[in-house]
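Visitor: I have a structure here, written as structure tokens, and I will follow up with some questions on it.
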Amino acid sequence: MKTKNKLCMGTDQEVERTIARILDGNGYNIKSATTWIPYSSSDGVPLILPYVGDGPARVVNHERNSSLTSSSGLHVNGQDSLVQPLLTDYYQITMCYAYWLAGSHEENAVFDLFFRKNPFNGEFTVFAGLEDCLRFVENFKFSTSDIEFIKSLLPANSNPGFFEYLAQLDCRRMKIEAVPEGSVVFPKVPLMTVEGPLAICQLMETTFLNLVNYASLIATNAARFRQVAGEKMQMLEFGLRRAQGPNGGLTASKYCYIGGFDGTSNVLAGKLFGIPVKGTQAHSFVCSFSSANDLRIRSLKSRDGSLECDLYSLSEEKRRWIMGKIDWGVVESEVSEGELAAFVAYAIAFPSSNMSLIDTYDVLRSGVINFVAVTLALFDLGYKSIGCRIDSGDLSYLSKEVRTRFGKVAELHPSLDWIQTLIIVASNDINEETIMSLNEQSVSDRGSVCRVVEHEIDAFGVGTHLVTCQKQPALGCVYKLVALSGHPKIKLSQEVSKITIPGRKKCFRLYGKTGYCILDLMTLSEEDEPGKNTQILCRHPFEESKRALVVASKVETLHQVFWADGAIAQELPSINAIRDRVIQSLRTVRKDHRRSLNPTPYKVSVSEKLYTFLHTLWLQNAPIGQLE
């Protein structure tokens, strides 16, 4: 074993002995370790563990699951340290004990995980969080300390055999079928179907819901932002500082990217998930400079290294030149010297990727002038700035005015034509409605209606309203028992929408001639797959009069097996592959289903046999009242 970083403790031989002392004999399997980093056990014992590639090596313990946590808070299996068997509601433990005591814990159960209503008053949802669920299942094991804590919660006279049962419990006999992660999904259709011994399946409920609810909500929110912004708009997630804690911040960054965003400001998310990291500068950086006297370094070498010059003096020269050629509505003495110094300092640090925040003092009377001056100075040295960011004010008006000024500068010389295309990034409390109002406005043009672009923004930086899901704080997925020992189970309610669809089911998506999906269809598991180009009777699950004959040009089976025989059943896609699936899946949904305002409801239907089965079971289980 080789040590390859400064975090190592001792020699290679000492490292080997330490690892052997702690892990040997406990069933751990360490793969592909190239570096080693310090960890602490749950008891505070210092140790070092392998580090592989972009994250801690997966340490798989088939005997027990000790709580090993790094100083960064990451679990050694690549999961967050909090995602473990005790991340559950107490009643899952008490039910598990009651099942075990009653002898029903081994009965074969089927649970469906689904939601009843699309979020944000929309008509689609993006399914996310599946891989997190599978990793949880893969590493599910109660540790000794877990069991001791459970003992302290349950009554003192609890049967000790239950704790022996928990110590041996794993997910080898479970089976999970699911819609592929990144797919567009709709209400009532199971996102995941979990089958196996009743007790272990029950223990999955809270954790699965925790992993799927927020991930799917965030991915859907990001997809909605992407829909209203358009495919060409750069979308950047800036939400870490407003997210619900470190875990919420990381989850938000990951699933915003999956939902269609192009990058994140979250550096740790970039490291862990391979998301492009983006960022500009803060107002504090600009404010920290008062004049050129604050610049420790003023010189910059040209790109080809042939010359070196004072970038601040060159920028001042360029500022005088453009102010002599163009009316900026301000005298040069009123343009901030400190801001120019800040822009120069940043440009010296990042000459090939210069991006300036231009609204610290005044966008039009200072910020854009200083930015253009530094941009022209960089250009003389062979560099091109990327663009600027506006974080306050009337974003529509300011972006258009800034673009106009870019155009005027470009007209000064043919070699400056590229300045017209500099990127303008807008932030400042952006939400879905803001983007819609900025993007387009209907105006009358001699009786006809045309669409007029109302801004010159190339990228949106979105934070608070994206990661906190301003419109809706939770998705509302549920996890319901639908079969036990081969017998269907139904949950009734006075609210018809909360009645579950019982039994083991198959789910299909039917497509029309245009390539768009028409509806999702659930059938009994024993029914044949619906055929193409034949009439299929599709019924509303609860309303007898709502039915349709559908002739599908394509029939897609929605569920695939993802966990079977104690292992993940197929290779899981990369984060970029999941992101691509979101994009492609949304393209199969009609625009009227996807639109933000008053979308057309998407149909979710059941087969004739499932409809009859559901309503028969409903009547069998609903008590008959007596009137006197």
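The values are calculated or read from the model by the stated rules, or taken from the named source; none is laboratory data. Note that the structure is predicted; figures quoted are calculated from it, not measured. Neighbour counts are summed over all protein chains in view; Cβ atoms, including those assigned to glycine, are modelled from backbone coordinates with ideal geometry.
Visitor: Please state which one of PHE371, PHE350 is surrounded by fewer than 21 Cβ atoms within 10 Å (Cβ to Cβ) and among the hydrophobic types (A, V, I, L, M, F, W, C). Please lay out each step first, then the result.
Guide: On the way: PHE371 fails: surrounded by fewer than 21 Cβ atoms within 10 Å (Cβ to Cβ).
After ruling out the rest, the residue left standing is PHE350.
Visitor: What strands (runs of 3 or more DSSP E), lying completely within the stretch 400-453, carry at least 3 residues that are at pLDDT below 90 and loosely packed, with under 15 Cβ neighbours inside 10 Å? Reasoning before the result, please.
Guide: Values: elements: 423-426, 440-445, 448-453.
It comes to 440-445, 448-453.
Visitor: Against the condition under 23 Å from LEU87 (Cα atoms) and at pLDDT 95 or above, how does GLU205 come out, does it pass? Let's see the steps before the verdict.
Guide: Values: under 23 Å from LEU87 (Cα atoms): yes; at pLDDT 95 or above: yes.
For GLU205, the condition - under 23 Å from LEU87 (Cα atoms) and at pLDDT 95 or above - is met.
Visitor: In this structure, does PRO180 turn out to be farther than 22 Å from LEU82 by Cα, in the same structural domain as ILE578 (by TED's automatic domain parsing) and within 29 Å of the chain's Cα centre (by Cα)? Even if it seems obvious, please write down each step before you answer.
Guide: Values: farther than 22 Å from LEU82 by Cα: yes; in the same structural domain as ILE578 (by TED's automatic domain parsing): yes; within 29 Å of the chain's Cα centre (by Cα): yes.
Yes; evaluated as a whole, the condition is true for this residue.
Visitor: Oh, and also: I need the full set of residues from the stretch 210-237 which are under 22 Å from TYR90 (Cα atoms) and crowded, with 21+ Cβ neighbours inside 10 Å, in order please.
Guide: LEU211, VAL212, TYR214
Visitor: Let me ask another. If a residue must be surrounded by 14 or more Cβ atoms within 10 Å (Cβ to Cβ) and under 23 Å from LYS498 (Cβ atoms), how many such residues does the stretch 576-607 contain?
Guide: Of the residues in the stretch 576-607, 7 are surrounded by 14 or more Cβ atoms within 10 Å (Cβ to Cβ) and under 23 Å from LYS498 (Cβ atoms).
Visitor: Scan the stretch 150-169 and give yes if some residue there is among the β-branched types (Val, Ile, Thr), surrounded by 19 or more Cβ atoms within 10 Å (Cβ to Cβ) and within 25 Å of THR557 (Cβ to Cβ), otherwise no.
Guide: Residues of the stretch 150-169 that are among the β-branched types (Val, Ile, Thr), as a first pass: 150.
Checking the rest, the ones that are also surrounded by 19 or more Cβ atoms within 10 Å (Cβ to Cβ) come to 150.
Cutting the leftovers down to within 25 Å of THR557 (Cβ to Cβ) gives us none.
No, the stretch 150-169 contains no residue that is among the β-branched types (Val, Ile, Thr), surrounded by 19 or more Cβ atoms within 10 Å (Cβ to Cβ) and within 25 Å of THR557 (Cβ to Cβ).
Visitor: Can you pull out every residue in the stretch 561-609 that is aliphatic (A, V, I, L, M) and under 18 Å from THR125 (Cβ atoms)? Lay out the reasoning, then the answer.
Guide: Narrowing the stretch 561-609 to residues aliphatic (A, V, I, L, M): 561, 564, 567-569, 572, 575, 577-578, 582-583, 586, 589, 597, 604, 606.
Answer for the stretch 561-609, where residues must be aliphatic (A, V, I, L, M) and under 18 Å from THR125 (Cβ atoms): ILE578, VAL582, ILE583, LEU586, VAL589, LEU597, VAL604.
Visitor: Given the criterion within 27 Å of the chain's Cα centre (by Cα), touching a residue at least 12 places away in the same chain (Cβ under 8 Å) and not in a helix (DSSP H, G or I), identify the matching residue among LEU475, LEU510, LEU492, LEU537.
Guide: Result of the check over LEU475, LEU510, LEU492, LEU537: LEU475.
Visitor: Cβ-Cβ distance below 7 Å, separation of 6 or more or different chains: which pairs start in the stretch 403-427 with a residue that is more than 17 Å from ALA377 (Cα to Cα) and without any contact (Cβ under 8 Å) to a residue 40 or more places away in the chain and end on one that is part of a helix (DSSP H, G or I) and of a type in the set (A, V, I, L, M, F, W, C)?
Guide: Correct list of pairs: ILE424/VAL402; ALA426/LEU395.
Visitor: Test of understanding: among LYS506, LYS471, which residue is within 25 Å of ALA215 (Cα to Cα) and surrounded by fewer than 21 Cβ atoms within 10 Å (Cβ to Cβ)?
Guide: On the way: LYS506 fails: surrounded by fewer than 21 Cβ atoms within 10 Å (Cβ to Cβ).
Result of the check over LYS506, LYS471: LYS471.
Visitor: Considering only the stretch 374-399, state which residues are buried (at least 23 other Cβ atoms within 10 Å of the Cβ) and in contact with a Phe, Trp or Tyr (Cβ under 8 Å, 6 or more places away or on another chain).
Guide: Selection gives VAL374, SER385, CYS388.
Visitor: Moving on to the next point. Counting just the residues of the stretch 143-159 that are free of Cβ contacts under 8 Å to residues at least 12 places away in the same chain and in a loop (DSSP other than H, G, I, E, B), which one comes out nearest to the chain's Cα centre (by Cα)?
Guide: Within the stretch 143-159, the subset free of Cβ contacts under 8 Å to residues at least 12 places away in the same chain is 148, 152, 155-157.
Still in the list and also in a loop (DSSP other than H, G, I, E, B): 155-157.
On the way: PRO155: 41, ALA156: 43, ASN157: 45 Å.
By that ranking, first place goes to PRO155.
Visitor: May I pose another question? In the stretch 242-260, how many are buried (at least 18 other Cβ atoms within 10 Å of the Cβ) and over 17 Å from GLY129 (Cα atoms)?
Guide: Going through the stretch 242-260 one residue at a time, the tally reaches 1.
Visitor: If you check ALA128, ALA109, which single one turns out to be at pLDDT 95 or above, surrounded by 22 or more Cβ atoms within 10 Å (Cβ to Cβ) and in a loop (DSSP other than H, G, I, E, B)? Even if it seems obvious, please write down each step before you answer.
Guide: Values: ALA109 fails: in a loop (DSSP other than H, G, I, E, B).
Only one candidate qualifies: ALA128.
Visitor: Which condition breaks for GLY182 when tested against (1) of a type outside the set (Val, Ile, Thr); (2) on the phi < 0 side of the Ramachandran plot; (3) buried (at least 22 other Cβ atoms within 10 Å of the Cβ)?
Guide: Checking GLY182 against (1) of a type outside the set (Val, Ile, Thr); (2) on the phi < 0 side of the Ramachandran plot; (3) buried (at least 22 other Cβ atoms within 10 Å of the Cβ), the one that fails is (2).
Visitor: Next question. crowded, with 18+ Cβ neighbours inside 10 Å and farther than 20 Å from LYS384 by Cβ - does that describe any residue in the stretch 319-334?
Guide: Looking for residues that are crowded, with 18+ Cβ neighbours inside 10 Å and farther than 20 Å from LYS384 by Cβ, one finds at least one in the stretch 319-334, hence yes.
Visitor: Could you grab me the full set of residues in the stretch 273-309 that are farther than 30 Å from MET235 by Cα and either of a type in the set (S, T, N, Q) or touching a strand residue (DSSP E or B) at 6+ places or on another chain (Cβ under 9 Å) (or both)?
Guide: SER290, SER291, ASN293, ARG298, SER299, LEU300, LYS301, SER302, SER306, LEU307, GLU308, CYS309
Visitor: Could we say that TYR312 is farther than 23 Å from LEU236 by Cβ and either surrounded by 17 or more Cβ atoms within 10 Å (Cβ to Cβ) or β-branched (Val, Ile, Thr) (or both) here?
Guide: Details: farther than 23 Å from LEU236 by Cβ: yes; either surrounded by 17 or more Cβ atoms within 10 Å (Cβ to Cβ) or β-branched (Val, Ile, Thr) (or both): yes.
Yes, satisfied.
Visitor: Would you point out the residue of the stretch 272-309, among those that are of a type in the set (Gly, Ala, Ser) and more than 22 Å from ARG389 (Cα to Cα), that is surrounded by the most Cβ atoms within 10 Å (Cβ to Cβ)?
Guide: Only one residue tops the list, namely ALA292.
Visitor: In the stretch 457-493, which residues are touching a Leu at 6+ places or on another chain (Cβ under 7 Å) and of a type in the set (Ser, Thr, Tyr)?
Guide: TYR479
Visitor: Please specify each residue of the stretch 378-399 satisfying the condition of being farther than 14 Å from SER353 by Cα and not in a loop (DSSP other than H, G, I, E, B). Steps first, please.
Guide: Within the stretch 378-399, the subset farther than 14 Å from SER353 by Cα is 380, 390-399.
Residues satisfying the conditions are ASP380, ILE390, LEU395, SER396, TYR397, LEU398, SER399.
Visitor: Let me ask something else about it. For the stretch 173-215, which residues satisfy the criterion of being closer than 18 Å to LYS505 by Cα and touching a Gly at 6+ places or on another chain (Cβ under 7 Å)?
Guide: Listed by number, the residues that qualify are MET174, LYS175.
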